[in-house]
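Step one of this worksheet: look at the structure below.
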Amino acid sequence: MYKIVTKRQLNEQVVLMEVEAPFVAKKAQAGQFIIFRVDEKGERIPLTIADYDREKGTVTIIFQTVGESTMKLAMLNEGDSILDFVGPLGVATHFEDGIKKVAVVGGGVGCAIAYPQAKALFNKGVEVDLIAGFRSKDIVILEDEMKKVSTNLYITTDDGTYGTKGFVTNVLKELIEKGNKYDAVVAIGPVPMMKFVCDVTKPYGIKTIVSLNPIMVDGTGMCGGCRVSVGGKVKYACVDGPDFDGFEVDFDELMRRNASYKEQEREHVCRLTGGVR
Ligand SMILES: Cc1cc2nc3c(=O)[nH]c(=O)nc-3n(C[C@H](O)[C@H](O)[C@H](O)COP(=O)(O)OP(=O)(O)OC[C@H]3O[C@@H](n4cnc5c(N)ncnc54)[C@H](O)[C@@H]3O)c2cc1C
Ligand code: FES
């Protein structure tokens, strides 16, 4: 069992939990994830390692409550325990030596995944422009944390209630056009956002890394659930990723596959909340 030592509500739907998991904390690196199961009847759900403390033996996860499993997890409190917490899984983000300047782009809860990537780069002495996008001011998360791990932090909101009005891609394009020379761009968030970031960076030939979020089951490359097409080849995001070269990813296929179980997911939530479909 894995004890929750800290629980913090970051906005109405996003929760941060620090979980006692010393073996995961010992080996965790930016870009990796865990798979949890709340209880013996629970689904296996992947969440990115947002942070870790090797000395305390804790791992931080930040998640949005979107369906049955994340809702069940959000119902737990400090002192409660999670049944399974397996990791670290996936390949850690790798940057070539000599990289000097990177733009990290996060969308919504994707900022929780962008944060450890920005932190790892910033701590290596890389100049990091962090562009974080949210629908509106009330759902902005991790602003202070992101400030600490970036050279410049740009916040955007779709409705203009905070930061720059508009999408992360507008700010990214503007920064590139102003002459910022990025060795790489890292984009993490909703699939359409990652696709549009690639559309912005491709004409400039800036290497763009995306972190994919297909449906995962076992997390060991055995079930095929997280199959994605990258450069015309089949890859398994849980063992070959989740980071991939954005110019090679078939985003449209990923969106189609991620929507496969929408009907069943709706039923689950209705059972949990007592709602009517
Ligand atoms: C490598 C990876 C890292 C992730 N990191 C984070 C994170 O740090 N924070 C965060 O909020 N979310 C993260 N996600 C997404 C998270 O796993 C889903 O939101 C979660 O599985 C939803 O489960 P649910 O039962 O609450 O919702 P459901 O109602 O079951 O599903 C809602 C949506 O979540 C996705 N989903 C459902 N089941 C799975 C599954 N087994 N594997 C992957 N996606 C699924 C689907 O797109 C689905 O439409 C990550 C996904 C992957 C693959
Ligand atoms: S989750 Fe089963 S192969 Fe990746």
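The values are calculated or read from the model by the stated rules, or taken from the named source; none is laboratory data. Predicted model only: the values in this text are computed from it and were never measured. Ideal geometry is used to build each Cβ from the backbone, glycine not excepted, and the neighbour counts take in all protein chains shown.
Restricting attention to the range 212-240, and to residues there that are small (G, A, S) and closer than 12 Å to L254 by Cβ, which single residue is farthest from ligand 1 (Cβ to nearest atom)?
Looking at the filtered set, the residue picked out is S229.
I need the full set of residues from the range 88-109 which are touching a Pro at 6+ places or on another chain (Cβ under 8 Å) and buried (at least 24 other Cβ atoms within 10 Å of the Cβ), in order please.
Of everything in the range 88-109, those that are touching a Pro at 6+ places or on another chain (Cβ under 8 Å) and buried (at least 24 other Cβ atoms within 10 Å of the Cβ) turn out to be G90, G107.
Would you be able to tell me the number of residues in the range 137-158 that are surrounded by fewer than 21 Cβ atoms within 10 Å (Cβ to Cβ), modelled with pLDDT of 95 or more and assigned to a loop (DSSP other than H, G, I, E, B)?
Residues that pass the stated criteria total 1.
Scan D97, D129, D84, D80 and give me the residue that is within 16 Å of ligand 2 (Cβ to nearest atom), among the charged types (D, E, K, R) and on the phi < 0 side of the Ramachandran plot.
D84
At pLDDT below 95, away from ligand 1 (no atom under 13 Å from the Cβ), under 25 Å from I4 (Cα atoms) and not small (G, A, S): is that true of K119 in this structure?
yes
Name, by its number, the condition in (1) more than 21 Å from V91 (Cβ to Cβ); (2) at pLDDT 95 or above that does not hold for K235.
(1)
Would you kindly identify the strands (runs of 3 or more DSSP E) lying entirely within the range 167-247 that contain at least 2 residues that are within 16 Å of ligand 2 (Cβ to nearest atom)?
227-230, 233-236, 243-245
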